[in-house]
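Where a number appears in this text, it was derived from the coordinates with a stated rule and is not lab data. Predicted model only: the values in this text are computed from it and were never measured. With ideal geometry, Cβ positions are generated from the backbone for all residues, glycine too; neighbour counts draw on all protein chains shown.
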Amino acid sequence: MAHTASRTSIGFEPIYNKTVTTIPNPVAYELTPNTAFAKGDMVALVGGKIALATAASVTNIVGVMAESIAQAANPTTGLTYGKVYDHPDNVYRVTFVDHRDGTATGGSTTTLADTGITTTDDFFNGALLYIYAGTNAGCVRTVSDTTKTGSILTFTNPMPAACDATSKYILLGAGTEDGDYINVGAGGIVLKDEDSIDADADRYTAATGKVGPLVCVGASKVADLMLDVMVRRSCHLFG
């Protein structure tokens with residue numbers, strides 16, 4: 001059975017600001033008409049108006065809605081304004097989805113094996129690995145090497161015991177090419193929608209570099225399937 005978090009974030013939850021002591025007060029912006037906005041929705045500037053961010057959003061990210069506005073309260077006639085947390089140094093806590101959730105087939109104190117997890121060397125190097133049940137439950141490690149032969153993930157910091165067939169884990173990152181992982185410091189993380197991030201989307205490609213608008217700055221709530229993220233400066237409207 002897949003890991004279930006104790007709760008889901010209310011979209012992107014502001015938790016602190018990197019440069020000031022408190023989250024700056026939200027600012028009112030004109031909203032795209034005939035659209036419902038919920039507190040915690042990530043939004044971007046489209047056509048001079050606030051619009052819901054999507055999986056394709058990369059540039060002109062403004063921030064996160066500080067209030068909910070019903071569609072009926074945002075008609076096509078007239079102007080409707082909604083408050084947005086728009087400071088580029090805000091840090092948000094948000095749920096991640098579509099992560100890899102599997103069960104080890106074996107391993108050691110410094111390896112976890114799972115048949116078929118990868119067919120290419122090095123793809124998950126740098127990825128965040130969390131064991132949520134069975135042997136070594138509660139352990140979080142960074143993958144230091146990925147070996148296709150035997151489908152083995154290696155980590156430098158040893159686990160308390162050898163990973164075995166009871167070890168159930170979460171792995172963050174698409175792993176479709178070298179460097180395509182999610183962990184603290186990883187940029188290019190992609191939105192799943194306005195309220196969550198996609199933990200199995202390509203955040204990096206050799207052809208284009210970083211893909212998405214977010215960077216991970218903390219993984220303190222990985223047990224609840226949440227990460228702490230910021231909008232990349234190059235993707236923020238005020239970056």
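Using all pairs of distinct alpha-carbon atoms, the Kirkwood hydrodynamic radius of the chain works out to 18.7 angstrom. From a point 7 Å beyond the Cα of Asp89 in the direction of its Cβ, which residues of segment 17-54 have a backbone N at a distance under 17 Å? Of the residues in segment 17-54, 17-26 have backbone N under 17 Å from the label point off Asp89. Ordering of 155-168, 86-99 by packing is 86-99, 155-168, highest average first (other Cβ atoms within 10 Å, averaged per residue).
Averaging Cα coordinates gives a centre for segment 3-30 and one for segment 220-236; these two points are 10 Å apart.
Averaging over all projection directions, find the projected area of the Cα convex hull of segment 79-203 and quote it in nm² with one decimal place. Walk me through the numbers on the way to the answer.
Values: hull surface 35.5 nm².
Averaged projected area of segment 79-203's Cα convex hull equals 8.9 nm².
Note on segment 100-171: dipole from Cβ charges, positive end direction compared against Ala165, Ile117, Ile152; the farthest Cα belongs to Ala165. Each 5 Å bin, from zero up to the one with the longest distance, holds this percent of the alpha carbon pairs of segment 100-171: 4, 21, 34, 29, 11, 1.
In this rough spin-label picture, where each label sits 7 Å from Cα along the Cβ direction, the Thr119-Ala223 distance is 3.7 nm. The Cα center of segment 164-217 and the Cα center of segment 38-55 differ in position by 22 Å. Computed over segment 15-93, the P(r) tail beyond 19 angstrom holds 33 percent of alpha carbon pairs. May I ask which residue of Thr22, Gly40, Cys216 lies farthest towards the positive end of the charge dipole of the chain, with charges of +1 (Lys, Arg) and -1 (Asp, Glu) on Cβ and the Cα centre as origin? Of the options given, the answer is Thr22. Between Ala56 and Glu177, the FRET efficiency estimated from the beta carbon spacing at R0 = 22 angstrom works out to 0.60.
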